[in-house]
1. Determine which member of the set 101, 79, 70, 84 is under 18 Å from residue 124 (Cα atoms) and free of Cβ contacts under 8 Å to residues at least 60 places away in the same chain.
2. For residues in region 127-148 being at pLDDT 95 or above and charged (D, E, K, R), which is nearest to residue 5 (Cα to Cα)?
3. List every residue pair whose Cβ atoms lie under 6 Å apart, where the two residues are 6 or more positions apart in sequence or sit on different chains, the first residue falls within region 117-128 and is more than 17 Å from residue 139 (Cβ to Cβ), and the second residue, located anywhere, is surrounded by fewer than 22 Cβ atoms within 10 Å (Cβ to Cβ) and not hydroxyl-bearing (Ser, Thr, Tyr).
4. Can you tell me which residues in region 116-143 are touching a Lys or Arg at 6+ places or on another chain (Cβ under 9 Å), part of a helix (DSSP H, G or I) and over 20 Å from residue 97 (Cα atoms)?
5. Name every residue in region 124-140 that is crowded, with 20+ Cβ neighbours inside 10 Å and of a type in the set (A, V, I, L, M), in order of residue number.
6. Out of all the residues in region 112-132, which are of a type in the set (A, V, I, L, M, F, W, C) and within 14 Å of residue 33 (Cβ to Cβ)?
7. Taking interchain pairs and intrachain pairs at least six residues apart, which have beta carbon atoms under 7 angstrom, with the first residue in region 31-53 and over 19 Å from residue 69 (Cβ atoms) and the second in a strand (DSSP E or B) and among the polar types (S, T, N, Q)?
Amino acid sequence: MKEYRGSLNATGKRFALVAGRFNEAYTRLLVDGARDTLERAGARDEDLELVWVPGSFEVPAAALAAARSGRFDAVICLGVLIRGATSHYDLVASEAAAGIGRVFPATGVPAVFGIVTAENLEQAAERCGSKAGNRGRDAALAAVEMANLGASLGGWPKPADTRDNGKESAQVVLGRRATVEQG
């Protein structure tokens, strides 16, 4: 049986890191972990671009834009959500996960989920570099592996229908389906 695995060599690959500023002290640890991992895997600093957005809810929109740009082999989505006393956490976590999950089918560029969802500050700290490792590092390794796996399989499929220049696809990725005028 033929088996495929993506290598962990980032040489010659380009990556976008999209990071939510909310809980920025923790998110910076994820960004630092991802950057260090990518560079240790062979990526050059000039092959990495960092995009800051207000929070994790906005990460999918910027991830979609980065993926659509054609400049990147993978997009790494980073942020930190800490549960509070209201349902806001659940809503943001759900929308961020769903939006990030829609980037690949809409663009053919892997988008990796590196958003920490924690019940409290202690859990967030653990997942951003202390006891439980650094989820930014984990996301970077997954991005390198997916970029290389796609290359070894002959490239990831691109969306078949681009007649709307991505307008409808972008609306679907952001959780809204709309009718687009055809011109």
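The values are calculated or read from the model by the stated rules, or taken from the named source; none is laboratory data. Keep in mind the model is a prediction, meaning the values are calculated, not measured. Neighbour counts are summed over all protein chains in view; Cβ atoms, including those assigned to glycine, are modelled from backbone coordinates with ideal geometry.
1. Selected residue: 84, the only one of 101, 79, 70, 84 that is under 18 Å from residue 124 (Cα atoms) and free of Cβ contacts under 8 Å to residues at least 60 places away in the same chain.
2. Selected residue: 145.
3. That search, which allows pairs on different chains as well, returns 119/83.
4. Within region 116-143, 125 is the sole residue that qualifies.
5. 124, 139, 140
6. 112, 115, 116, 124, 125, 128, 132
7. Going by the 7 Å Cβ cut-off, the qualifying pairs are 33/134.
Table: residues versus (1) under 21 Å from the mean Cα position of the chain (by Cα); (2) at pLDDT below 90; (3) exposed (fewer than 12 other Cβ atoms within 10 Å of the Cβ).
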{"site": "150", "(1), (2), (3)": "yes, no, no"}
{"site": "156", "(1), (2), (3)": "yes, no, no"}
{"site": "164", "(1), (2), (3)": "no, yes, no"}
{"site": "176", "(1), (2), (3)": "yes, yes, yes"}
